[in-house]
Amino acid sequence: MSENCLFCKIVRGEIPSTRVAESETMLAFRDVNPQAPVHVLVIPKKHVASLAVADDASMLSDLLSFAASVARSEEIEKPGYRVVANTGPDGGQTVDHLHLHVLGGRHMTWPPG
């Protein structure tokens, strides 16, 4: 874990969050600035800066599977949902810790922005 990373501090319980789901290696919590009725962030507990440097295929598979399980538990699986991974400054990544946004509860438009 990174000492100063916002999401690592959430994993350690130093910053409060509304946890939705947790496993030994993953954590899901509500976004503090939701962009949809359901907006959950899914992160690996191990610090990985972004998708650009993620090289553990097993961890990436677990991350995506965990995001799908969050969508099921939030009951947005059937109507549909969006999973977004912002990568780097031009991709809109604002926290340097790999994370997926699980968005649902409304119709998603395209293009996203």
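The values are calculated or read from the model by the stated rules, or taken from the named source; none is laboratory data. Computed from a predicted structure; not experimentally measured. Here the Cβ positions follow ideal geometry from the backbone for every residue, glycine too, while neighbour counts run over all protein chains shown.
Overview of results
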quantity	calculated
Cross-chain or 6+ apart pairs with Cβ under 7 Å, the stretch 90-113 first and more than 20 Å from MET1 (Cα to Cα), then surrounded by 18 or more Cβ atoms within 10 Å (Cβ to Cβ) and among the aromatic types (Phe, Trp, Tyr)	VAL102/TYR81; LEU103/TYR81; GLY104/TYR81
The stretch 1-34: number of residues that are in contact with a His (Cβ under 9 Å, 6 or more places away or on another chain) and either among the aromatic types (Phe, Trp, Tyr) or closer than 15 Å to THR94 by Cα (or both)	6
Residue check, ALA49 crowded, with 16+ Cβ neighbours inside 10 Å, part of a strand (DSSP E or B), modelled with pLDDT of 95 or more and not acidic (Asp, Glu)	no
Single condition VAL32 does not satisfy, out of (1) modelled with pLDDT of 95 or more; (2) surrounded by 12 or more Cβ atoms within 10 Å (Cβ to Cβ); (3) part of a loop (DSSP other than H, G, I, E, B); (4) of a type in the set (A, V, I, L, M)	(2)
Output for the stretch 46-60, where each listed residue is closer than 12 Å to LEU100 by Cα and out of contact with any Asp or Glu (no Cβ under 8 Å at 6 or more places or on another chain)	LEU51, LEU60
When residues of the stretch 68-98 are limited to those that are within 19 Å of CYS8 (Cβ to Cβ) and among the aliphatic types (A, V, I, L, M), the one surrounded by the fewest Cβ atoms within 10 Å (Cβ to Cβ)	VAL95
Set ILE43, ILE10, ILE15: member being hydrophobic (A, V, I, L, M, F, W, C), out of contact with any Cys (no Cβ under 6 Å at 6 or more places or on another chain) and part of a helix (DSSP H, G or I)	ILE10
